[in-house]
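Below is one structure, written out as structure tokens; comments come after it.
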Amino acid sequence: MLTQENINKINALKKQFPDNKSLTIPALHIAQEQFGWVSEDSMKEIASLLNLPESHVIGVATFYSMFNKKPVGQYHIQVCTNVSCQLLGSEKISQYICNKFNIKVGETTSDKKFTVSEVECLGSCGTAPMMQVNDDYYENLTPEKIDHILQDLK
């Protein structure tokens, strides 16, 4: 269940949006900030708060890769796999990171600290290969840069 504070935030946002449908993404962000991911129960609660069909909220949440549909680690590492990144070695980047943590893409380390995902486009084609860790972008990746980034996160 969303906290009363977050319910109040969503209700306050209703004044800033033309209709409740356009409030779906901000409401999903609020839920994800609270829980770290957006569960089916959260989506149903948002649908109820916004007086929208559950199918609409679930459709929005599942369409966008920015919403985690299952729990993720403290650090969610998302490696871009779109064309530019792929051509410049994103597959090797994903494998390198997974090998460091002894996990596969889509898995979380046993200490719940790191989750590695592959995502489509993160919009940084000119600085490929790149990854996003939580809200931060890391570009022009090399194994050495990855080691430094991961060391700073530990």
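The values are calculated or read from the model by the stated rules, or taken from the named source; none is laboratory data. Only a predicted model underlies this, so the values are computations on that prediction, with no experimental measurement involved. Quick reminder, even Gly has a Cβ in these numbers, built from the backbone with ideal geometry, and neighbours come from all protein chains shown.
Could you list, in sequence order, the residues of the range 16-33 that are in a helix (DSSP H, G or I) and either among the hydrophobic types (A, V, I, L, M, F, W, C) or buried (at least 16 other Cβ atoms within 10 Å of the Cβ) (or both)? Working first, answer last.
Step one: list which residues in the range 16-33 are in a helix (DSSP H, G or I), which gives 16, 21-33.
Hits for the range 16-33 are L23, T24, I25, A27, L28, I30, A31, Q32.
Working only within the range 97-112, note down all residues that are over 18 Å from T127 (Cβ atoms) and either of a type in the set (A, V, I, L, M, F, W, C) or outside any loop (DSSP other than H, G, I, E, B) (or both).
Across the range 97-112, the qualifying residues are C98, N99, K100, F101, I103, V105, T108.
Please find, among T127, T108, the residue that is of a type in the set (V, I, T), under 23 Å from L28 (Cβ atoms) and in the same structural domain as E144 (by TED's automatic domain parsing).
T108
Restricting attention to the range 53-71, does a residue exist that is over 16 Å from the mean Cα position of the chain (by Cα) and within 18 Å of K9 (Cβ to Cβ)?
Yes: the range 53-71 contains one or more residues that are over 16 Å from the mean Cα position of the chain (by Cα) and within 18 Å of K9 (Cβ to Cβ).
Does A47 satisfy the criteria of being in a helix (DSSP H, G or I), aliphatic (A, V, I, L, M), in contact with a Pro (Cβ under 7 Å, 6 or more places away or on another chain) and without any contact (Cβ under 8 Å) to a residue 12 or more places away in the chain?
Details: in a helix (DSSP H, G or I): yes; aliphatic (A, V, I, L, M): yes; in contact with a Pro (Cβ under 7 Å, 6 or more places away or on another chain): yes; without any contact (Cβ under 8 Å) to a residue 12 or more places away in the chain: yes.
For A47, the condition - in a helix (DSSP H, G or I), aliphatic (A, V, I, L, M), in contact with a Pro (Cβ under 7 Å, 6 or more places away or on another chain) and without any contact (Cβ under 8 Å) to a residue 12 or more places away in the chain - is met.
Consider S84 carefully, then state whether it is part of a helix (DSSP H, G or I) and surrounded by 19 or more Cβ atoms within 10 Å (Cβ to Cβ). It would help to see each step written out before you state the result.
Details: part of a helix (DSSP H, G or I): yes; surrounded by 19 or more Cβ atoms within 10 Å (Cβ to Cβ): no.
When the stated conditions are applied, S84 does not pass them.
Suppose we filter the range 93-130 for residues that are in contact with a Leu (Cβ under 9 Å, 6 or more places away or on another chain) and within 17 Å of S65 (Cα to Cα); how many remain?
1
Between residues in the range 138-151 that are assigned by TED's automatic domain parsing to the domain that holds V79 and residues that are part of a helix (DSSP H, G or I), which pairs lie under 6 Å by C-beta distance while being six or more apart or on different chains?
Y138/I149; E139/T127; N140/T127; L141/I93; P143/Y96
In this structure, is K113 among the basic types (K, R), closer than 27 Å to H29 by Cβ, in contact (Cβ under 8 Å) with a residue 40 or more places away in the chain and not assigned by TED's automatic domain parsing to the domain that holds M43?
Values: among the basic types (K, R): yes; closer than 27 Å to H29 by Cβ: yes; in contact (Cβ under 8 Å) with a residue 40 or more places away in the chain: yes; not assigned by TED's automatic domain parsing to the domain that holds M43: yes.
Yes, satisfied.
Against the conditions (1) among the small types (G, A, S); (2) surrounded by 15 or more Cβ atoms within 10 Å (Cβ to Cβ); (3) farther than 18 Å from D147 by Cα, where does S55 fall short? Just the number, please.
Against the list (1) among the small types (G, A, S); (2) surrounded by 15 or more Cβ atoms within 10 Å (Cβ to Cβ); (3) farther than 18 Å from D147 by Cα, S55 comes up short only on (2).
Could you tell me which of the residues K69, K92 is among the charged types (D, E, K, R), under 22 Å from Y138 (Cβ atoms) and without any contact (Cβ under 8 Å) to a residue 60 or more places away in the chain?
Criteria check complete, one pass: K92.
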